[in-house]
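Structure, as structure tokens:
The values are calculated or read from the model by the stated rules, or taken from the named source; none is laboratory data. From a predicted model like this one, the values you see are computed outputs, not experimental measurements. Here the Cβ positions follow ideal geometry from the backbone for every residue, glycine too, while neighbour counts run over all protein chains shown. Heavy atoms of the whole protein, side chains included, go into the accessibility calculation; ligands, DNA and RNA do not. Shrake-Rupley method; radii C 1.70, N 1.55, O 1.52, S 1.80 Å.
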Amino acid sequence: MPARPGPAHLIRPMRWLLYIAAFLVFLAGLVLFVFPLRTADWFAWTVNPPMTAVFLGAAYWSSAGLEIIGARSAGWESARLAVWPVFIFTTLTLAVTLVHLDRFHLSPAAGFLAQAATWAWLAIYAAVPVAMLIITRRQLRGVQVAGRAASGPPVLPPALRMLLGGIAGILLLYGAALLAAPVPAAAWWPWPLTELTGRAVGAWLVGLGWAAAQGQSSRDLGSVRPVALTSLAFVVLQAIALLRYGEALRWQAAPAIGFTVVLAAIGVAGGWAFAVSRAQRPASGA
């Protein structure tokens with residue numbers, strides 16, 4: 001019987017790109033989550049209300065974990081669950097930035113740190129999608145040489161796959177609505193959003209939805225754990241954000257209830273996927 005091709009290894013440029021991306025989103029999350037009242041001075045654009053800043057900061061920090069896990073992966077099958085959401089998010093955020101460039105701190109009146117943050121933002125979001133495309137092309141050549149390591153049906157239980165698929169559908173559809181028509185779509189968000197913040201949130205929802213969609217169809221338990229851990233981190237950080245600035249929400253209104261339900265569903269799905277991956281690890285290694 002011929003030997004089965006081994007898994008495609010993660011090439012070094014992709015590994016370093018993910019590490020760099022993790023460091024950059026950690027810095028963005030640091031300003032937004034820890035210092036949400038100082039975005040006018042320390043961030044590329046002024047984010048109001050503070051609840052929006054901490055929401056975005058929580059998303060940045062949770063994605064940093066996904067990228068670090070992806071960078072530490074031995075093979076492409078696991079790392080790709082970090083690569084494609086990052087590419088989609090950075091591309092969408094670049095488009096949002098260009099549409100709303102007048103809202104960014106490019107004027108000398110904004111202050112040195114705010115201007116520096118803006119130019120760094122523009123450089124990062126212009127460079128990362130291009131670098132990711134180029135490096136991914138090299139990575140996929142290695143995948144073709146190694147062959148498909150993970151085959152067969154998806155490994156997650158059908159009920160969990162349905163839950164993840166539902167979450168992915170909600171995040172992708174609503175994220176696309178915020179990107180395309182932020183003002184009317186923001187009526188279904190639990191606190192006020194501007195056109196810029198609505199589209200910024202929409203870019204994150206699409207990226208997170210894409211990650212959930214990839215996770216539910218995974219054929220390798222090793223690739224499920226990064227998405228599971230990212231989901232749990234996202235929920236924990238958003239819970240902290242709500243404890244800090246939850247007064248911005250209209251708690252008895254339908255958008256706040258829907259937000260809470262979706263957040264709880266993400267937590268359940270993340271915890272469930274993590275438990276499944278841990279329970280089946282010995283069997284998968286046999």
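Tell me the residue from V236, V206 that is touching a Gly at 6+ places or on another chain (Cβ under 7 Å) and part of a helix (DSSP H, G or I), please. V206 is the lone residue from the list that is touching a Gly at 6+ places or on another chain (Cβ under 7 Å) and part of a helix (DSSP H, G or I).
Contact map, the stretch 253-279: residues that are of a type in the set (D, E, K, R) paired with residues that are open to solvent by 30 Å² or more (accessible area, probe 1.4 Å), Cβ distance under 9 Å, separation 6+ or inter-chain. Pairs shown: R278/R225. Quick one: would you say T46 is surrounded by fewer than 21 Cβ atoms within 10 Å (Cβ to Cβ) and under 24 Å from A176 (Cα atoms)? Judged against the criteria, T46 is a match. Residues of the stretch 215-229 that are under 15 Å from L160 (Cβ atoms), at pLDDT below 85 and in a helix (DSSP H, G or I): G215, Q216, L221, S223, V224, R225, V227. Considering the stretch 94-127, the residues that are open to solvent by 10 Å² or more (accessible area, probe 1.4 Å) and polar (S, T, N, Q) include one that is nearest to L171 (Cα to Cα), namely Q115.
Quick check on the stretch 142-162: of everything there that is surrounded by fewer than 12 Cβ atoms within 10 Å (Cβ to Cβ) and either outside any helix (DSSP H, G or I) or not aliphatic (A, V, I, L, M) (or both), which residue is modelled with the highest pLDDT? Looking at residues that are surrounded by fewer than 12 Cβ atoms within 10 Å (Cβ to Cβ) and either outside any helix (DSSP H, G or I) or not aliphatic (A, V, I, L, M) (or both), I get P158.
No other residue among G209, G198, G202 is without any contact (Cβ under 8 Å) to a residue 24 or more places away in the chain and surrounded by 20 or more Cβ atoms within 10 Å (Cβ to Cβ) apart from G198. Checking each residue in the stretch 53-79 for being more than 16 Å from the chain's Cα centre (by Cα) and either modelled with pLDDT of 95 or more or outside any helix (DSSP H, G or I) (or both) picks out S73, A74, G75. In the set (1) at pLDDT below 95; (2) within 30 Å of S277 (Cα to Cα), the condition left unmet by G111 is number (2). Considering the stretch 221-269, the residues that are aromatic (F, W, Y) and under 22 Å from the mean Cα position of the chain (by Cα) include one that is most open to solvent (accessible area, probe 1.4 Å), namely Y245.
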